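Take a look at the structure set out below.
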Amino acid sequence: MTYQANIGELRTAIDGAGAPWAAINAESAARMQAQNRFPTGLDIARYTAAIMRRDMAAYDADPAAYTQSLGCWHGFIAQQKMISIKKHFGSTERRYLYLSGWMIAALRSEFGPLPDQSMHEKTSVPALIEEIYTFLRQADARELGGMFRALDKAREAGDEVEAKRIEHAIDNFETHIVPIIADIDAGFGNAEATYLLAKKMIEAGACAIQIENQVSDEKQCGHQDGKVTVPHEDFLQKIRAIRYAFLELGLPEGIIVARTDSLGAGLTKQIAFSKEPGDLGDQYNAFLDCEEVDASTLGNGQVLISREGKLMAPKRLPSNLYQFRAGTGEDRCVLDCITSLQNGADLLWIETEKPHVEQIAGMVDRIREVVPNAKLVYNNSPSFNWTLNFRQQVYDAWEKEGRDLSSYDRARLMSEDYDATELGREADARIQTFQADGAKRAGIFHHLITLPTYHTAALSTDNLAKRYFGEDGMLGYVKQVQREEIRQQIACVKHQNMAGSDMGDDHKEYFAGDAALKAGGSANTMNQFAAA
């Protein structure tokens, strides 16, 4: 509905209510409606799920149309990211947000900073989703509020052409609301617990939920040791639980991202149930590290399985965990991915130990032999030393080609000495094109960085503290922060406006008319930034 049509509809409703509503202004009410396009989280989830489904289809048609996101741990961070994207690129198309369980554990738990082991309050996950969308809705309201004030000025000046232009812009306003891929870890318990939490996440606005195949009570960060996976049927129960949650809430188009940590996980907590040779449980157990035993020499409490007519003893650790055979990680990943897609998942996530396109592509090629349109979400993780990894990749490739590497020391490739060398430049070029290369070669539909704003907050704070508490004093803030905000047109330099002061003034005028006591008068120091 257009801006003018909505005003007309509201005017009819107000007139119909008679004298009690006489002080209500239809255009003011229309503006408030436009500034709150998504009244509920489910409205957001439906809108963003449709975006992701369209983007997935577009990627299938052209792998250059991959999508990206950055992880956010606060609504303000997400808001500033989307404001920045609209400012620099004019559109939020194919740009999402990622909600990282790691960052919730490290930054949002009432217990204080925690490792990524699902020890934080699970309710903090839907709470952060709701917080992010609250800030993104406020970004919509703020930008539209500026357009409404500009419309009023054009009308006051009698500039009908400019007024029509602004109305057209209002009718075609692009929201800051984008999809969130939200991390549910390993489900925070059994399948019922996963279902209950998934519902809360969807109701808060999540259209895509990512779940991993680790044991929920032994969950580890995907880039740390000690990961323990579950048999496929246990994981599939949780995938089905999430799908039921989407269906119950009227969102069949909701997206499930199935993550496998099997590449770096050498342990399992249980032996899978198997009815017959070759079934899924038997395939899982086939990866166990076993040795043939003589029944007459059994030890105390020893666990046995039958494999190909032989009595086998899986290697059991003092932790009561069982060990997989070394070198089976990729095979287990491929089986995990195929079974997840065959049982309701929409996208895959393969957690790797390094960013290597051909390693990922090797697994995806095998998966696509069974599921041709398999697509990945990939973690461009800060846990990788990107500089070192890619310099090593270039060094190894050049060594294979027989090139002269006498001026390079592979053990020192991280050194600043190599920044301006041919090898350093080639490595940086490969980092720059990693996402496009991965999308084209390795089936990566969505590239995300899990923890970027954790690191940027630490880096910028360190730089500010070093300058402000050092010799620069106040200049350390002014030169490095405020002056740059002004010159780069960072919206939050007008922090009162960003926090909603102007919107509050608008509402005061709607509610109180001439009696409104506004904050944006001549004494407001934010006016010093008017020219900025």
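Could you go through region 387-395 and let me know if any residue there is under 30 Å from Asp336 (Cα atoms), surrounded by 15 or more Cβ atoms within 10 Å (Cβ to Cβ) and in contact with a Phe, Trp or Tyr (Cβ under 9 Å, 6 or more places away or on another chain).
For region 387-395, residues under 30 Å from Asp336 (Cα atoms), surrounded by 15 or more Cβ atoms within 10 Å (Cβ to Cβ) and in contact with a Phe, Trp or Tyr (Cβ under 9 Å, 6 or more places away or on another chain): present.
Residues Arg137, Arg142: which one is out of contact with any helix residue (DSSP H, G or I) (no Cβ under 8 Å at 6 or more places or on another chain) and touching a residue at least 24 places away in the same chain (Cβ under 8 Å)?
Details: Arg142 fails: out of contact with any helix residue (DSSP H, G or I) (no Cβ under 8 Å at 6 or more places or on another chain).
After applying the criteria, what remains is Arg137.
In region 451-466, which residue that is among the polar types (S, T, N, Q) and free of Cβ contacts under 8 Å to residues at least 12 places away in the same chain is nearest to Asn385 (Cα to Cα)?
Step one: of region 451-466, the residues among the polar types (S, T, N, Q) are 453, 456, 460-461, 463.
Going one step further and asking which of them are free of Cβ contacts under 8 Å to residues at least 12 places away in the same chain, we end up with 456, 460-461.
Values: Thr456: 16, Ser460: 20, Thr461: 22 Å.
That would be Thr456.
Name the residue that is surrounded by the fewest Cβ atoms within 10 Å (Cβ to Cβ), counting only residues in region 324-365 that are without any contact (Cβ under 8 Å) to a residue 60 or more places away in the chain, assigned to a helix (DSSP H, G or I) and among the hydrophobic types (A, V, I, L, M, F, W, C). Before the answer, list the steps.
At the first step, the residues of region 324-365 found to be without any contact (Cβ under 8 Å) to a residue 60 or more places away in the chain are 324-325, 327-328, 331, 334, 338, 342, 354, 356, 359, 362-363, 365.
Remaining after also requiring assigned to a helix (DSSP H, G or I): 331, 334, 338, 342, 359, 362-363, 365.
Those still in the list that are among the hydrophobic types (A, V, I, L, M, F, W, C) too: 334, 338, 363.
Details: Val334: 21, Ile338: 19, Met363: 25.
Top of the filtered list is Ile338.
Based on what the data block shows, is Gln489 assigned to a helix (DSSP H, G or I), in contact with a helix residue (DSSP H, G or I) (Cβ under 8 Å, 6 or more places away or on another chain) and modelled with pLDDT under 95? Talk me through it step by step, then tell me what you get.
Numbers: assigned to a helix (DSSP H, G or I): no; in contact with a helix residue (DSSP H, G or I) (Cβ under 8 Å, 6 or more places away or on another chain): yes; modelled with pLDDT under 95: yes.
Considered against the rule, which asks whether it is assigned to a helix (DSSP H, G or I), in contact with a helix residue (DSSP H, G or I) (Cβ under 8 Å, 6 or more places away or on another chain) and modelled with pLDDT under 95, Gln489 comes out as no.
Just name the residue that is modelled with the highest pLDDT out of those in region 111-139 that are β-branched (Val, Ile, Thr) and farther than 11 Å from Ala206 by Cα.
So the first thing to find is which residues in region 111-139 are β-branched (Val, Ile, Thr), and the list is 123, 125, 129, 132, 134.
Filter once more, so that each one left must be farther than 11 Å from Ala206 by Cα: 123, 134.
Working: Thr123: 93, Thr134: 97.
Here the answer is Thr134.
Looking at (1) out of contact with any helix residue (DSSP H, G or I) (no Cβ under 8 Å at 6 or more places or on another chain); (2) surrounded by fewer than 18 Cβ atoms within 10 Å (Cβ to Cβ), can you tell me which one Val215 breaks?
For Val215, the exception is condition (2).
In the set Gly504, Gly476, which member is outside any loop (DSSP other than H, G, I, E, B), of a type outside the set (Lys, Arg), out of contact with any strand residue (DSSP E or B) (no Cβ under 6 Å at 6 or more places or on another chain) and within 27 Å of Trp21 (Cα to Cα)? Walk me through it before giving the result.
Values: Gly476 fails: within 27 Å of Trp21 (Cα to Cα).
From the options Gly504, Gly476, the qualifying one is Gly504.
How many residues does region 80-130 hold that are assigned to a loop (DSSP other than H, G, I, E, B) and either closer than 26 Å to Glu174 by Cα or among the polar types (S, T, N, Q) (or both)?
10
Could you say whether any residue in region 398-405 is touching a residue at least 40 places away in the same chain (Cβ under 8 Å) and in a helix (DSSP H, G or I)? Steps first, answer last, please.
Going through region 398-405, the residues touching a residue at least 40 places away in the same chain (Cβ under 8 Å) turn out to be none.
Within region 398-405 (the criterion being touching a residue at least 40 places away in the same chain (Cβ under 8 Å) and in a helix (DSSP H, G or I)), the answer is no, since none of the residues qualifies.
Filter region 22-74 for residues that are under 22 Å from Ile256 (Cβ atoms) and hydroxyl-bearing (Ser, Thr, Tyr); which is surrounded by the fewest Cβ atoms within 10 Å (Cβ to Cβ)?
Ranking the qualifying residues of region 22-74, first place goes to Thr40.
Residues that are touching a strand residue (DSSP E or B) at 6+ places or on another chain (Cβ under 9 Å), closer than 19 Å to Glu218 by Cβ and modelled with pLDDT under 95: does region 300-312 have at least one?
Yes, some residue in region 300-312 is touching a strand residue (DSSP E or B) at 6+ places or on another chain (Cβ under 9 Å), closer than 19 Å to Glu218 by Cβ and modelled with pLDDT under 95.
Might you check whether a residue that is within 21 Å of Ala208 (Cβ to Cβ) and either surrounded by fewer than 16 Cβ atoms within 10 Å (Cβ to Cβ) or not acidic (Asp, Glu) (or both) occurs anywhere in region 458-473? Quick ask: steps written out before the conclusion?
Going through region 458-473, the residues within 21 Å of Ala208 (Cβ to Cβ) turn out to be none.
No - not one qualifying residue is present in region 458-473.
Among the residues of region 410-418, is any assigned to a helix (DSSP H, G or I), crowded, with 19+ Cβ neighbours inside 10 Å and under 25 Å from the mean Cα position of the chain (by Cα)? It would help to see each step written out before you state the result.
Let us first name the residues in region 410-418 that are assigned to a helix (DSSP H, G or I), namely 410-412, 416-418.
From what's left, crowded, with 19+ Cβ neighbours inside 10 Å: 418.
This time we only want the ones that are under 25 Å from the mean Cα position of the chain (by Cα), so: none.
Checking region 410-418: not a single residue is assigned to a helix (DSSP H, G or I), crowded, with 19+ Cβ neighbours inside 10 Å and under 25 Å from the mean Cα position of the chain (by Cα).
Specify the residue that is nearest to Gln210 (Cα to Cα); the eligible residues are those in region 428-457 that are among the aliphatic types (A, V, I, L, M), at pLDDT 95 or above and outside any loop (DSSP other than H, G, I, E, B).
The qualifying residue nearest to Gln210 (Cα to Cα) is Leu448.
One residue is enough: does region 480-502 have a residue meeting the conditions loosely packed, with under 15 Cβ neighbours inside 10 Å and more than 30 Å from Leu144 (Cα to Cα)?
Checking region 480-502: not a single residue is loosely packed, with under 15 Cβ neighbours inside 10 Å and more than 30 Å from Leu144 (Cα to Cα).
If you take the residues in region 270-323 that are surrounded by 15 or more Cβ atoms within 10 Å (Cβ to Cβ) and among the hydroxyl-bearing types (Ser, Thr, Tyr), which one is farthest from Leu335 (Cα to Cα)?
Applying the filter and picking the extreme gives Tyr322.
Go through region 250-269 and report how many residues are under 11 Å from Cys207 (Cβ atoms) and either out of contact with any strand residue (DSSP E or B) (no Cβ under 8 Å at 6 or more places or on another chain) or without any contact (Cβ under 8 Å) to a residue 24 or more places away in the chain (or both).
Residues that pass the stated criteria total 2.
Out of all the residues in region 52-75, which are assigned to a helix (DSSP H, G or I) and either in contact with an Asp or Glu (Cβ under 9 Å, 6 or more places away or on another chain) or among the charged types (D, E, K, R) (or both)?
Pass one, region 52-75, residues assigned to a helix (DSSP H, G or I): 52-61, 75.
Scanning region 52-75 gives Met52, Arg53, Arg54, Asp55, Met56, Asp60, Gly75.
Is there any pair with a first residue in region 476-495 that is among the polar types (S, T, N, Q) and a second that is in a helix (DSSP H, G or I) and exposed (fewer than 14 other Cβ atoms within 10 Å of the Cβ) whose Cβ atoms are under 8 Å apart and which are 6 or more apart or on different chains, and what are they?
Correct list of pairs: Gln480/Asn463; Gln489/Lys87.
Residues checked against (1) at pLDDT below 95; (2) touching a helix residue (DSSP H, G or I) at 6+ places or on another chain (Cβ under 7 Å):
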residue: Ala186; (1), (2): yes, yes
residue: Leu196; (1), (2): no, no
residue: Glu203; (1), (2): no, yes
residue: Arg243; (1), (2): no, no
residue: Asp261; (1), (2): yes, no
residue: Gly266; (1), (2): yes, no
residue: Ile271; (1), (2): yes, yes
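When Ala105 is evaluated against the numbered criteria (1) without any contact (Cβ under 8 Å) to a residue 24 or more places away in the chain; (2) crowded, with 19+ Cβ neighbours inside 10 Å; (3) touching a Phe, Trp or Tyr at 6+ places or on another chain (Cβ under 8 Å), which criterion, by number, is the only one it fails?
Every listed condition holds for Ala105 apart from (3).
The values are calculated or read from the model by the stated rules, or taken from the named source; none is laboratory data. Computed from a predicted model, the values in this text were never measured in an experiment. Here the Cβ is made from the backbone with ideal geometry for all residues, glycine too, and neighbour counts use every protein chain on show.
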